[in-house]
Amino acid sequence: MSQSSNNRTAPVDRGQCRTIDLSGKIAQIDGHWQPRVVAEMNDYQFKVVKVEGEFQWHRHADTDETFMVLEGELRIDFRTGPSGDGSIVLRAGQMAVVPKGVEHKPSANSEVKLLLIEPRGVVNTGDGATSERTVENDQWI
């Protein structure tokens with residue numbers, strides 16, 4: 001691996017005014033459910049992540065969260081969403097915004113590569129207690 005996947009220092013340019021190879025960045029991630037920051041815009045971070053299997057139910061009371069599928073197929077189940085309980089399936093080239101306060105659970109039958117967009121400091125496992133899936137914020141790749 002040519003670059004550490006646990007760099008806690010943001011680059012001086014924060015990923016701005018340069019090309020970012022999302023596929024190349026994702027290839028540097030060793031495990032699943034380990035989002036890594038690739039750029040910032042104002043107070044928002046762009047994170048790449050590989051996912052497979054089920055995540056946990058969680059919510060973010062103060063912010064929306066955007067999922068963009070780069071490769072694969074992602075299912076997101078919702079509880080008390082704008083249309084009640086339900087789910088959506090996203091395929092490569094598709095995106096969805098989970099509104100703040102909506103409990104959700106992403107899952108993937110096989111590996112999916114995603115771009116997440118969310119404010120700096122958002123905990124990946126939501127507002128509740130931390131778990132084995134909780135990762136440190138601001139890990140750049």
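The conditions are (1) over 12 Å from the mean Cα position of the chain (by Cα); (2) buried (at least 17 other Cβ atoms within 10 Å of the Cβ), and Val51 fails exactly one of them. Which is it? The single condition Val51 does not satisfy is (1).
Where residues in segment 18-76 are among the small types (Gly, Ala, Ser), assigned to a loop (DSSP other than H, G, I, E, B) and touching a strand residue (DSSP E or B) at 6+ places or on another chain (Cβ under 8 Å), which of them is nearest to Ser87 (Cα to Cα)? Step by step, filter segment 18-76, then rank; the result is Gly72.
For every residue, the table says whether it meets (1) over 19 Å from Ser110 (Cα atoms); (2) in contact with a helix residue (DSSP H, G or I) (Cβ under 9 Å, 6 or more places away or on another chain); (3) among the hydrophobic types (A, V, I, L, M, F, W, C).
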residue: Val12; (1), (2), (3): yes, no, yes
residue: Ala27; (1), (2), (3): no, no, yes
residue: Lys50; (1), (2), (3): no, yes, no
residue: Glu54; (1), (2), (3): no, no, no
residue: Gly86; (1), (2), (3): yes, no, no
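Of all residues in segment 77-116, those satisfying the criterion of being on the phi < 0 side of the Ramachandran plot, in a strand (DSSP E or B) and of a type in the set (S, T, N, Q) are Ser87, Ser107, Asn109, Ser110. Scanning segment 4-29 for residues that are modelled with pLDDT of 95 or more, of a type outside the set (Val, Ile, Thr) and under 19 Å from Thr134 (Cβ atoms) returns no hits.
Count of segment 34-62 residues, restricted to those that are out of contact with any His (no Cβ under 6 Å at 6 or more places or on another chain) and either closer than 26 Å to Val12 by Cα or of a type in the set (Lys, Arg) (or both), is 17.
If you go through segment 66-114 and keep only what is farther than 21 Å from Val48 by Cβ and basic (Lys, Arg), you end up with Arg79, Lys100. Within segment 71-107, the only residue that satisfies the criterion of being of a type in the set (A, V, I, L, M), in contact with a Lys or Arg (Cβ under 7 Å, 6 or more places away or on another chain) and exposed (fewer than 15 other Cβ atoms within 10 Å of the Cβ) is Val89.
The values are calculated or read from the model by the stated rules, or taken from the named source; none is laboratory data. These numbers were taken from a predicted model, which means no experiment stands behind them. Cβ sites come from the backbone with ideal geometry, for glycine too, and all protein chains shown count toward neighbours.
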